[in-house]
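Participant: Next up is a structure, given as structure tokens.
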């Protein structure tokens, strides 16, 4: 399963975002380092289900479908808050960085209202510049990667030169524990414009490479949290395709209101509907969310962050394997039972391995359920493809 790391300095709403996205009950408090051990859970990417297109009622196994919207599971990890010089072991830095080893991408929770200082302590709203938080977190990860490399760099680079081993292969072995692939390393080396002879790389070259490989292997989306408390000017300064105005506490409040039967609301909706009388305090809280969050930004931003991270930042596509291309069901008659997330450019055989290795090893052919055409193992998949794989 794809893993997304929820990161940021202490006390910016990371755990609130995590709880809102996975409907969990991790500890929340208004002081630094509430989270010490990483919280893990399952959050969901939201997409229109093909059942809507075909006018069918689906029976999901590995995901869920609500009113034609498919919610696809993603693993989330909420790690301890990061402070400056974390890569040197300050705060809970080493643990933070270690917890993120297998994350495919990061959602960086930024206090866009500027109401927490660099250590995560509460301060006057607007008195802290969020751009400093964005820069320092990226630099901490860069220095962490560099630190892993430089310990053994002289021996490693010399061996590459003497034995004529390509440096990207050696780096791939060294960085495999961080979930960094050789292809990402090749791209990082090319973008860094570094000498082919790695023995010539200087200290600043290692840092440059670390920056580029972090961008390739751990891309970051910014959740501009506490956006309802920030000025329009501050939100617009950072807002963009991968920077989403967010109010995690509003999303969590809406979820709890749904659980108590007060409103109708699905994660990612731009509105909620009151269906039950409530006390004054709760009613005013929901009115605040409508006026200062939903009307202002279109949603709480939490679901949008997840969807953007999965489908845009990581560029994943959703594919539905079935055993009957006419009825779009499995052998038990369950319609569109499973959905898998795959990188763009994935082939039918990649899907087969994702479903089960036996299916891939016994592969004969596949059928595209939409076109009813027979396709081979190397057929490139498209988003929302429905595929019947035939195997021995």
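Readers should treat all values here as calculations from the given coordinates under stated rules, not as data from a laboratory. Quick caveat, the model's predicted, so the values are computed rather than measured. Methodologically, a virtual Cβ is constructed for each residue, glycine included, from the backbone with ideal geometry; neighbour enumeration extends over all protein chains shown.
Participant: How far, in nm, would the chain grow between residue 266 and residue 372 when pulled straight, counting 0.36 nm per residue and subtracting the alpha carbon separation?
Facilitator: The residue 266-residue 372 span can extend by a further 34.7 nm.
Participant: Tell me the label-point distance for the pair residue 364, residue 52, using the 7 Å Cα-to-Cβ offset, in nm and rounded to one decimal.
Facilitator: Taking the simple label geometry, residue 364 and residue 52 are separated by 3.6 nm.
Participant: Given R₀ = 25 Å, FRET efficiency for residue 158-residue 102 by Cβ-Cβ distance, to 0.05?
Facilitator: 0.25
Participant: So what's the back-of-envelope 222 nm ellipticity for the chain, counting only DSSP H runs of four-plus at -39500 (n - 2.57) apiece and dividing by all residues, rounded to 500?
Facilitator: Helices in the chain give a 222 nm mean residue ellipticity of -10000 deg cm²/dmol.
Participant: Something else: So for the chain: antiparallel DSSP bridges make up what percent, rounded to the nearest 5?
Facilitator: 60
Participant: On to the next question. Extension gain residue 1-residue 205, at 0.36 nm per residue separation less the Cα-Cα distance, in nm?
Facilitator: Length gained between residue 1 and residue 205: 70.1 nm.
Participant: With each pseudo-label sitting 7 Å past Cα toward Cβ, what's the residue 356-residue 327 distance in nm, one decimal?
Facilitator: 1.8
Participant: Something else: Based on the Kirkwood radius over alpha-carbon pairs, what is the Stokes-Einstein translational diffusion coefficient of the stretch 142-216 at 10 °C with 1.306 mPa s viscosity, in µm²/s?
Facilitator: 132
Participant: Which of rounded, prolate, oblate describes the stretch 321-391, given a ≥ b ≥ c as roots of the alpha-carbon gyration tensor eigenvalues and a/c under 1.5 marking rounded, otherwise prolate only if a/b is larger than b/c?
Facilitator: It is rounded, given that a/c, with a ≥ b ≥ c, falls under 1.5.
Participant: What ranking do 116, 291, 300 get, fewest neighbouring Cβ atoms within 10 angstrom at the top?
Facilitator: Listing 116, 291, 300 from fewest to most nearby Cβ atoms yields 291, 116, 300.
Participant: Based on the Cβ-Cβ distance from residue 380 to residue 256, what FRET efficiency comes out when R0 is 41 Å, to the nearest 0.05?
Facilitator: Once rounded, the FRET efficiency stands at 0.40.
Participant: Another one. Under 8 Å for C-alpha pairs, at least 6 residues apart: give me the relative contact order for the stretch 321-391, rounded to a whole percent.
Facilitator: Computed value for the stretch 321-391: 36 percent relative contact order.
Participant: Classify the chain as rounded, prolate or oblate from the Cα gyration tensor: take a ≥ b ≥ c as the square roots of its eigenvalues, call it rounded if a/c is under 1.5, otherwise prolate when a/b beats b/c and oblate if not.
Facilitator: Oblate shape, in that a/c is at least 1.5 and b/c is the bigger or equal ratio.
Participant: Let me ask you something else. Measure off 7 Å from each Cα along the Cα-to-Cβ vector at residue 275 and residue 296, then give the distance between these two points in nanometres to one decimal.
Facilitator: The answer from the label model is 2.8 nm.
Participant: Tell me, what is the FRET efficiency for residue 344 and residue 42 to the nearest 0.05, using R0 = 22 angstrom and their Cβ-Cβ distance as r?
Facilitator: With R0 = 22 Å, the Cβ-Cβ based efficiency is 0.40.
Participant: Order of 329, 305, 58 from fewest to most other C-beta atoms within 10 Å?
Facilitator: Listing 329, 305, 58 from fewest to most nearby Cβ atoms yields 329, 58, 305.
Participant: Something else now. Calculate, in nm to one decimal, what residue 237 and residue 127 gain on full extension: separation in residues at 0.36 nm each, minus their alpha carbon distance.
Facilitator: Separation in residues times 0.36 nm, less the Cα-Cα distance, equals 38.0 nm.
Participant: Taking the inverse of the average 1/r across all pairs of different Cα atoms in the stretch 204-319, what Kirkwood radius in Å do you get?
Facilitator: Here the Kirkwood hydrodynamic radius works out to 15.9 Å.
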